[in-house]
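Taking it in order: structure first as structure tokens, then the write-up.
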Amino acid sequence: MKGPLFYSKILLFGEYGIIQDSKGLSIPYNFYNGALKKEDNPSQEAIASNGHLKRFVTYLETLQTEQPDLVQFDITTLQKDVNEGMYFDSSIPQGYGVGSSGALVAAIYDKYAQHKITVLENLTREKLLALKTIFSQMESFFHGKSSGLDPLNSYLSIPILINSKDNIEATGIPTQSFDGKGAVFLLDSGIVGETAPMVNIFMENLKDQGFRTMLKSQFVKHTDACVENFLVGDIKALFSNTKKLSKVVLNHFKPMIPEEFHGVWQQGIDTNDYYLKLCGSGGGGYILGFTQDLERAKAALKDYKLEVVYQF
């Protein structure tokens, strides 16, 4: 048995901001993927994954009992498959902000949900929101609190524009230019990030009036501008706003940036060789970079591993 592939995702803009109703833009990232599998001689990883799935199935049983109108699964078949050793075979790194649990949630929904909404339908805003709500409840098993966007992106495998909490739509993004000098890239921090502690720090900070004001007047404002610039392909404005966003994050989200990257982050702002921002909740994993000159960014960051995500 081998199920269809579900891809990782990258939230280009909107991390933390979407909790406060900023815009966001999430794109599939096909470099990493995962699929449900069964095999006769499972590895240690497969056995561990199967153990996780068993606990997840118990959670889904409770979920459909407590919220019968939200989602129903073919639990009998799901339990049978898990008891026969089914696991999630994934190349998506965990704790790196690229949606490892999202791909698993998408795969389970795709195979076992009853009356499921499919990508082949006319995806109205209502259907997208319904899917997002289901995925948010499913994924909260892994994170405590989930927006549902990671599984949504993985399930549909199309870019998603978040206008606000209750207003999301499938969107098109400008075509890549593979000989372009500008790029979005991932920088490997070499540290596994934990989502829950980072979100807790953010929620604590939200109690502070000054922090809330900064979010609205700076963080959300620059995030919204970046999303709009990216979608219309206004590169000059995009880099101007990404620089502003990078500064705000360095000044106000320090705990989410691994300490050894504070200097590298500032260096990008000072030299304009690249600008860094959080990828997911931060605390480790990947850091997202934007540059107008990929070769210059590579030279400046020669001690680090870079993965190009998008070129313009």
Can you tell which of Ile191, Phe141, Tyr16 lies farthest toward the positive end of the dipole of the chain, using +1 and -1 charges on the Cβ of basic and acidic side chains (Lys, Arg; Asp, Glu)?
-> Tyr16
Cβ-Cβ cut-off under 12 Å around Ser189, Lys and Arg +1, Asp and Glu -1: the net charge is -2
Take the Cβ-Cβ distance between Thr76 and Thr133 as r, set R0 to 30 Å, and report the resulting FRET efficiency rounded to the nearest 0.05.
-> 0.75
Put one equal scatterer on each alpha carbon of the range 115-247, apply the Debye formula with no solvent term, and list log10 I(q)/I(0) at q = 0.15, 0.17, 0.18, 0.22 1/Å to two decimals.
-> -1.04, -1.28, -1.37, -1.40
First measure r as the distance between the Cβ atoms of Asp40 and Ser164, then evaluate 1/(1 + (r/R0)^6) with R0 = 35 Å and state the FRET efficiency to the nearest 0.05.
-> 0.10
Given backbone amide H placed at 1.01 Å from N, residues whose amide H is under 5 Å from that of Ile168, ignoring those fewer than 5 places away on the same chain, are Asn163
Evaluate the charge dipole of the chain about its Cα centre and quote only its size in Debye, nearest 20, assuming +1 on the Cβ of each Lys and Arg and -1 on the Cβ of each Asp and Glu.
-> 560 debye
Mind checking which of Ser101, Leu78, Leu215 is farthest towards the positive end of the chain's charge dipole, using Cβ charges of +1 (Lys, Arg) and -1 (Asp, Glu) about the Cα centre?
-> Leu215
Rounded to 10°, Cα long-axis angle of helix 195-205 versus longest principal axis of the chain | 50 degrees
Rounded to two decimals, what ratio of Rg to Rh does the chain give with C-alpha atoms and a Kirkwood Rh?
-> 0.97
Once fully extended, how much extra length lies between Thr213 and Thr62, figured as 0.36 nm per residue of separation less the alpha-carbon to alpha-carbon distance?
-> 50.4 nm
Selected from Ile117, Leu129, Val248, residue furthest toward positive end of dipole (the chain; charges at beta carbon) = Val248
Equivalent ellipsoid semi-axes - Cα gyration tensor, the range 96-166, angstrom | 17, 15, 11
For the chain, what is the relative contact order in percent, using Cα pairs closer than 8 Å and at least 6 residues apart in sequence?
-> 23 percent
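Gain in length, Leu206 to Asn251, computed as 0.36 nm per residue apart minus the alpha-carbon separation, to one decimal in nm?
Result for the pair: 14.7 nm of gain on full extension.
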Once the mean of 1/r over all distinct C-alpha pairs in the range 21-63 is inverted, the Kirkwood radius in Å reads 13.6 Å
Spin-label model distance (nm) - Ala237 vs Gln311, 7 Å beyond Cα toward Cβ | 2.6 nm
How many nm is it between the label spots at Tyr304 and Ile47, if each spot is 7 Å from the Cα in line with the beta carbon?
-> 3.8 nm
If you place +1 on the Cβ of every Lys and Arg, -1 on the Cβ of every Asp and Glu, and leave all else neutral, what size is the dipole of the range 171-251 about its Cα centre, to the nearest 20 Debye?
-> 360 debye
Beyond 26 Å between alpha-carbons counts as too far, so tell me which of Lys145/Lys244; Lys116/Lys165; Lys216/Lys243; Lys244/Lys302 fall in that bin.
-> Lys145/Lys244
Relative contact order [Cα under 8 Å, 6+ residues apart], the range 258-312, whole percent | 25 percent
Label-reachable residues, the range 195-239, where backbone N falls under 20 Å from a point 7 Å from Ser177's Cα toward its Cβ | 226-239
Might you report the magnitude of the Cβ-based charge dipole of the range 226-280 about its Cα centre, with Lys and Arg at +1 and Asp and Glu at -1, to the nearest 20 debye?
-> 160 debye
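Read the figures in this text as sums done on the coordinates, not as results from a lab. Not measured: the values here are computed from a predicted model. FYI the Cβ positions are ideal-geometry reconstructions off the backbone, even for glycines, and counts take in every protein chain you see.
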